[in-house]
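Participant: Here it is, the structure, as structure tokens.
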Amino acid sequence: MGMLLVVGGSGLIGRKLAALGTAEYEVIGTYSSIQPKIEKVTFVELHKERVEDGRALIEKLKPVAVVDTAAFHNVDKCEEDRDLAWAVNAAATGALAMAATDVGARYLFVSTDFVFDGTKGGYKEDDVPRPVNFYGETKLAGERAVLSASAEHVVVRPSVVYGWDESRLNFATWVLTSLREKNPINVVTDWIGSPTLADELAAGLLRLLKVPNGGLYHLAGIDALSRYDFALRLAKAFDLETNMIKPVTAAEFGAKARRPPNSSLVNVQAKRYGVTVATADRGIAKMKGQRALESFVMPVRFKS
């Protein structure tokens with residue numbers, strides 16, 4: 001049984017992947033603040049921007065594969081703290097990918113649909129990325145560093161990742177907990193993406209670790225939905241009041257950083273290996289079947 005290192009193992013994708021990975025690997029996960037408890041997973045503290053610590057960890061463990069889900073995700077704060085955003089999303093990503101190359105490990109980097117400008121939607125892997133915010137710029141730089149470190153390495157772009165996560169809110173859990181508490185919410189009608197259930201993304205990442213060809217893969221839900229339409233589907237599936245979801249435009253919402261209007265993705269390369277993600281309705285149904293909304297304790301942090 002080889003070793004899998006999950007960088008960012010305390011986040012939504014990292015936790016799901018670490019738990020699933022124990023069926024095939026000895027799994028080591030990293031965390032930066034709160035140490036999770038997952039059966040058969042060993043956690044070590046790592047701040048990704050501390051590059052020498054990351055390199056030393058990879059050299060010590062000599063894993064067969066590294067999956068990097070760690071990022072400075074907050075899109076608005078990336079505009080404010082550009083040095084940290086670049087350090088985490090770009091510089092450290094490239095350094096860890098090179099360290100993986102040196103020990104013969106395959107490196108899989110989880111990127112984002114925000115590398116695109118959102119002018120057309122339905123982006124395929126060979127479409128030219130043009131980020132409209134600094135978060136997207138840093139993730140694109142991370143992608144390029146990973147792919148230049150080895151032809152065997154893999155970059156995966158998901159979109160609007162959602163699912164149950166006790167560590168921080170994501171779009172779906174924010175919508176659900178807000179409506180559960182009878183709090184009206186403003187949701188943007190002209191930000192369109194491809195909602196991706198974290199559980200299915202994690203399973204797909206493990207499969208993409210084994211594909212013969214490295215390179216760039218999109219792995220996102222097949223539906224292109226606005227945040228508003230996605231919120232309505234969540235509310236209806238969980239039998240919550242839809243009239244508390246107030247439609248607003250991006251201009252009215254007033255986010256600090258620009259967002260791509262339509263960054264929905266098409267999964268061409270992954271589909272060739274039979275790796276897919278469910279529709280939004282199936283993903284929401286799966287999420288609903290995992291636990292009761294009433295039992296979910298709202299975390300204090302929010303993933304932008």
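The values are calculated or read from the model by the stated rules, or taken from the named source; none is laboratory data. Note that the structure is predicted; figures quoted are calculated from it, not measured. When we count neighbours, we look across all protein chains shown, and the Cβ atoms used for this are built from the backbone with ideal geometry, even at glycine.
Participant: I'd like to check something: does segment 239-259 contain any residue that is of a type outside the set (G, A, S) and under 20 Å from the mean Cα position of the chain (by Cα)?
Facilitator: Keep residues of segment 239-259 that are of a type outside the set (G, A, S), which gives 239-249, 252-253, 256, 258-259.
The next check asks that each one be under 20 Å from the mean Cα position of the chain (by Cα); those that pass are 258-259.
Looking for residues that are of a type outside the set (G, A, S) and under 20 Å from the mean Cα position of the chain (by Cα), one finds at least one in segment 239-259, hence yes.
Participant: Sticking with this one: Going by the structure shown, is R130 surrounded by fewer than 24 Cβ atoms within 10 Å (Cβ to Cβ), among the charged types (D, E, K, R), assigned by TED's automatic domain parsing to the domain that holds G14 and without any contact (Cβ under 8 Å) to a residue 40 or more places away in the chain?
Facilitator: Yes, satisfied.
Participant: Pull out all pairs, ordered by first then second residue, where Cβ-Cβ is under 7 Å, the residues are six or more apart or on different chains, the first lies in segment 283-302 and is farther than 27 Å from L219 by Cβ, and the second is of a type in the set (V, I, T).
Facilitator: M298/T177
Participant: Go through segment 24-42 and count every residue that is more than 16 Å from V64 (Cβ to Cβ) and in a loop (DSSP other than H, G, I, E, B).
Facilitator: 9
Participant: While we're looking at this one, here's another question. Would you list the helices (runs of 4 or more DSSP H) that sit entirely within segment 44-123 and hold 2 or more residues that are outside the structural domain of L206 (by TED's automatic domain parsing) and touching a residue at least 40 places away in the same chain (Cβ under 8 Å)?
Facilitator: Working: elements: 51-61, 75-80, 82-86, 92-102.
In segment 44-123, there are no helices (runs of 4 or more DSSP H) which contain 2 or more residues that are outside the structural domain of L206 (by TED's automatic domain parsing) and touching a residue at least 40 places away in the same chain (Cβ under 8 Å).
Participant: Looking at segment 149-167, I want the residues that are more than 12 Å from L208 (Cβ to Cβ) and have a partner that is among the acidic types (D, E) with Cβ atoms under 7 Å, at least 6 apart or on another chain. Which pairs are those?
Facilitator: Filtered contacts from segment 149-167: S159/D113; G163/D199.
Participant: Which of the following residues is assigned to a loop (DSSP other than H, G, I, E, B) and without any contact (Cβ under 8 Å) to a residue 24 or more places away in the chain: D223, D239?
Facilitator: Within the list D223, D239, the selection yields D239.
Participant: Further, regarding this structure: Which of the residues that make up segment 253-284 are at pLDDT 95 or above, not in a loop (DSSP other than H, G, I, E, B) and not basic (K, R)?
Facilitator: Selection gives N262, L265, Q269, A270, A280, D281, G283, I284.
Participant: So, in segment 152-185, how many residues would count as being of a type outside the set (V, I, T), under 20 Å from V297 (Cβ atoms) and outside any loop (DSSP other than H, G, I, E, B)? Show your work before the answer.
Facilitator: So the first thing to find is which residues in segment 152-185 are of a type outside the set (V, I, T), and the list is 152-153, 157-159, 162-172, 174, 176, 178-184.
With the extra rule that they be under 20 Å from V297 (Cβ atoms), the set shrinks to 162-172, 174, 176, 178-183.
Add one more test, that the residue is outside any loop (DSSP other than H, G, I, E, B), and what stays is 162, 169, 171-172, 174, 176, 178-180.
Residues meeting the conditions: 9.
Participant: Residue under question is E152, and the condition is that it be touching a strand residue (DSSP E or B) at 6+ places or on another chain (Cβ under 7 Å), in the same structural domain as G14 (by TED's automatic domain parsing), surrounded by fewer than 21 Cβ atoms within 10 Å (Cβ to Cβ) and closer than 26 Å to G283 by Cα; does it hold?
Facilitator: Here the answer is no, as E152 does not meet what is asked.
Participant: For segment 32-57, which residues satisfy the criterion of being buried (at least 16 other Cβ atoms within 10 Å of the Cβ) and closer than 19 Å to D199 by Cα?
Facilitator: Residues satisfying the conditions are P36, I38, V41.
Participant: Right, here's the next one. How many of the residues making up segment 253-268 are in contact (Cβ under 8 Å) with a residue 12 or more places away in the chain and farther than 16 Å from S194 by Cα?
Facilitator: Step one: filter segment 253-268 for residues in contact (Cβ under 8 Å) with a residue 12 or more places away in the chain, giving 253, 255-268.
Of the ones still in play, those that are also farther than 16 Å from S194 by Cα are 253, 255-258.
The qualifying residues number 5.
Participant: Another question, then. Taking segment 10-26, which residues are of a type in the set (A, V, I, L, M, F, W, C) and within 19 Å of the chain's Cα centre (by Cα)? Step through it out loud before you land on a result.
Facilitator: Initially, segment 10-26 is screened for residues of a type in the set (A, V, I, L, M, F, W, C), giving 12-13, 17-20, 23.
Of everything in segment 10-26, those that are of a type in the set (A, V, I, L, M, F, W, C) and within 19 Å of the chain's Cα centre (by Cα) turn out to be L12, I13, L17, A18, A19, L20.
Participant: Out of everything in segment 228-252 that is charged (D, E, K, R) and either assigned by TED's automatic domain parsing to the domain that holds V115 or within 10 Å of N186 (Cα to Cα) (or both), what residue ends up being modelled with the lowest pLDDT? Steps first, please.
Facilitator: We begin by selecting, within segment 228-252, every residue charged (D, E, K, R); these are 229, 233, 236, 239, 241, 246, 252.
Next cut, either assigned by TED's automatic domain parsing to the domain that holds V115 or within 10 Å of N186 (Cα to Cα) (or both) only: 246, 252.
Details: K246: 98, E252: 94.
It comes out as E252.
Participant: For the list (1) under 28 Å from G8 (Cα atoms); (2) crowded, with 18+ Cβ neighbours inside 10 Å, I need the number of the one condition that R233 fails.
Facilitator: Of (1) under 28 Å from G8 (Cα atoms); (2) crowded, with 18+ Cβ neighbours inside 10 Å, only one is false for R233: (1).
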